[in-house]
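Right, one structure below, let's go through it.
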Amino acid sequence: MDLWRHGPNRLNTYSSCHSMKLGSGALIQLPFYENSAVYANDITFRSFCCERVPVYVSTVLRSSSPYRYLDQVIRDWETFIQISDYVGGSAEYAIYAVILSITSNFVITIFLTVICCINISGRAYKRILQLLRIASLLASLNLAIFITKVLRRLERDHNMYGIVRAHSIMHIFQDDMSFVVLDFLATLMFQFCQVGIVIRLFQRAQEKRIIFFIGVVLTVTANILWVIPPFANHATKHKSDWQILRPFVYLFRIAIATSYASIVIYHIWQKKKLWFKFNQMGLLTLLTILVVLLLPGFFLADVSNLWISELGEVFNTTCYVTSTVITWEWLDRLNVLERKEEAQSILGRPIFEEEQQDYRFAKYALRVQNALTRRESRETSMDRNDASNSSEICDLQTISRYDPEDQISEVRSIDQMHFNDKGSYKDYALKKLSYTRDKILYLTDQIVQKSVGHNNNSSSSKNKKTKQRKAMVRKRLGLDRPGIYIYSTKEVVFNSDEDEDEDEDVRENEDEGNNQNSNDNTAAITTDHTDHFQGTR
Amino acid sequence: MVCMIHIVVFLLAITTVFEIFPLITVPVTKRLSLSSFRNHYYGLFGWCVRGKNKELMCTKKKIGYDSTDVDSSGHVLTLPSNSKVVVSNLLIVHPISLAFTLTLLILAVTIMVTPLGDSPEMLLFTALFSLPTFMLCLLCFLVDILLFISKLDWPGWLMLAATISVALCCSMLWVMRRVVSVRKYESQQSIAHVRPVEQYSISDVYLSKQGSDSSEYESTPTDGLTAPEITYRGFIE
């Protein structure tokens, strides 16, 4: 932080940090020669100092001891510990308080990492949960390395010089590149996880997409700008050029954290009916509100020159861990409550108007129909064996790309020939643009669905080939897009239907026999026959 | 809906006024300041010091303070928060934020007085534009806090009110986007209800396309691509 802030008040000058003339006539015992001493004239003495302020000398000299510190050294130390805003000086900045805060942050981070790895299980949000676990482990590892370095440095100072310097701890934050890099990576991952959490808060597909785009852009921008000053300090000698960037990015991060806190608290307020419907839910909600406000709170504490101002980096990591992991846990429990309510209600999950707009059901149906028609026509014209492989790919393309409103694809019917049918450049550009937009949206949906979307795949099959086949069928039918759910249905059997059922059983057995002999594609499709699906986007 | 856009315009107008106050602080005017500290008065375009004859002596008007500026008593400029003077260049976010808020206000007024208010795309654009506006407004307040901490004067604290106001506008714009989207859907549905509702099933469409050759469809169940049982409502003639 001292890149953009002046150090604490340095109006006090400590004479013990400069050479003091002690006069003449002292006998100095030689270290390696017993019973021998040197008579010294014009003696000058300077006490242990760091950055022109006294340091804590850990050698204990009791009053009964024949030796004592110089009066000036004692006076300077007494003055120094009266200053309230300097590391190593006053009680709140003393080395014990600093070590206590660092180790407590370490313990909190480890504790939350263990919770994240063991207790939180979200099959529906697998990717983001994996990212959260990696980020937590990285943060824990970073703090473990940091504490090890701190303790080793303190031990070395104590053994070699008999002093304890809190300043050396502060230098690790900026000078140790491994700490900077690991901290950067962990923070980046936590910020992506926070984007995932915000996506989880919203249910509409379009809003999820917007949050994903904006969140990723903000996170990447903030981190690229954040990483420039530390590396620039190592790479160039023009530190002053980067002085403006560091505080700006610092504030930018705080602004993002405040926005995150606002969104989460707004969502908590919306769900106030569920606060006390579950054991410990009220406490967890309160804790969530507190932890998402930690980062903005620490910013205020930081600029107010409270005792954490120099230790911001350690608190920063802990704030990110807590505000992500605890919010995740709160959301998990909230989801359980909401699922229970949805299961008890008649309508189930809410369906939004955007899922019904633009006749998506009809378009979906037309896609399937178009694919059927093309497949049919191709099969009549091509060899059956060759077609079984190529049609798989073609069907995927036709289903995913076919747009019923697309005039070009509509005009180009399968029974017509077109020669030199070049459209205008405008049409071509528009087509390319819309194709690019569709591709980007498809990719976004894939990322959103696979990382934070609901997991629709209820199959527990471990067979890789079967999974691939199912994935292909799902993609072909458009079931790999978010918001499409497969509901298995239970048939109600009446007594009068029993006879018909028996007939159907016989027919199904015959069908199964046929399916075993058919190609891979057929086998994959028949697995979905047992499910009715409700296609919504 | 109408009420909501009026509230948004009203709040944005107030926010714009709030954001104008920091721009007219010292040395532009002599009465307003972002912060006052030890007889120093800090503004957006410079700072002033009150001399012994109670007269304000100000620096030249420019964004950010100069560390070489000295007051009449010869003291070098110091900021209340002990930040380095170069950080005051961040005050540039104030005019940028004002420009964004003004643009958002114009967009909101456009939505209010023109039929564009019924367009979900326009509302989506406005709602998206409100996000950087909110971020900039928040940044303005954070910069003020960073430079002047609790020594802020009321024009500085107005930025907090402006941030809350923009946050409210932002939420309302997103709510409006949802409302307009629902309204559009409902209007489409009402048109559909006026006309006779036609339902098509995939198999019917398929069979009609195949003509009388329905036996072929029935006889090829091994292809696996049995048409899903979906019905839909539309305007296919």
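Summary of computed values
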{"item": "Phi-based couplings in Hz for the range A:182-190 (Karplus 6.51, -1.76, 1.60; Gly and Pro marked x)", "result": "5, 5, 4, 5, 5, 5, 4, 5, 4"}
{"item": "Average beta-carbon neighbours from other chains, 10 Å sphere, peptide B:157-167", "result": "1"}
{"item": "Rounded percent of accessible protein surface that carbon and sulfur make up, the range A:82-230, 1.4 Å probe", "result": "68"}
{"item": "In sequence order, calculated HN-Hα J values of the range B:28-36 (Karplus, 6.51, -1.76, 1.60; Hz; x Gly/Pro)", "result": "5, 10, 9, 9, 9, 8, 6, 7, 10"}
{"item": "At R0 = 25 Å, FRET efficiency that the Cβ-Cβ distance of A:Tyr69 and A:Leu100 yields, to 0.05", "result": "0.40"}
{"item": "Peptide B:180-186 - average C-beta neighbours from other chains (10 Å radius)", "result": "3"}
{"item": "Separation in nanometres of the label points that stand 7 Å from Cα toward Cβ, at A:Ile83 and B:Arg183", "result": "6.4"}
{"item": "Packing-based order for B:142-150, A:41-49, using average beta carbon neighbours within 10 Å, highest first", "result": "B:142-150, A:41-49"}
{"item": "Relative contact order %, the range A:15-82, counting alpha carbon pairs below 8 Å whose residues are six or more apart", "result": "31"}
{"item": "Packing rank of B:8-16, A:100-108, where each peptide gets the mean count of other beta carbons within 10 Å, highest leading", "result": "B:8-16, A:100-108"}
{"item": "Accessible area that becomes buried as A packs against B, both chains, 1.4 Å probe, Å², nearest 100", "result": "4700"}
{"item": "Ranked by how many other beta carbons lie within 10 Å on average, peptides B:134-141, B:160-167 from highest", "result": "B:134-141, B:160-167"}
{"item": "Cβ neighbours within 10 Å from other chains - mean over B:143-155", "result": "2"}
{"item": "Accessible area per residue in Å² at 1.4 Å probe, computed on the range A:148-233", "result": "41"}
{"item": "Count, lysine Cα pairs under 21 Å in the range A:94-344, 8 or more residues apart or across chains", "result": "6"}
{"item": "Under the Debye formula (equal points on every Cα, no solvent term), log10 I(q)/I(0) of the range A:94-344 at q = 0.09, 0.13, 0.14 Å⁻¹", "result": "-0.43, -0.86, -0.99"}
{"item": "For the range A:15-82: Kirkwood Rh in Å [reciprocal of mean 1/r, alpha carbons]", "result": "13.8"}
{"item": "Cβ-Cβ FRET estimate between A:Leu22 and A:Trp269, R0 fixed at 60 Å, reported to 0.05", "result": "0.30"}
{"item": "Accessible surface, the range A:15-82, averaged per residue in Å² (probe 1.4 Å)", "result": "79"}
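The values are calculated or read from the model by the stated rules, or taken from the named source; none is laboratory data. In this text the structure is predicted, and so the values were computed from the model without any measurement. Please note: Cβ atoms are built from the backbone with ideal geometry, for glycine as well, and neighbour counts cover all protein chains shown. Heads up: the accessible areas ignore ligands, DNA and RNA and are worked out on the full protein's heavy atoms, side chains in. Shrake-Rupley method; radii C 1.70, N 1.55, O 1.52, S 1.80 Å.
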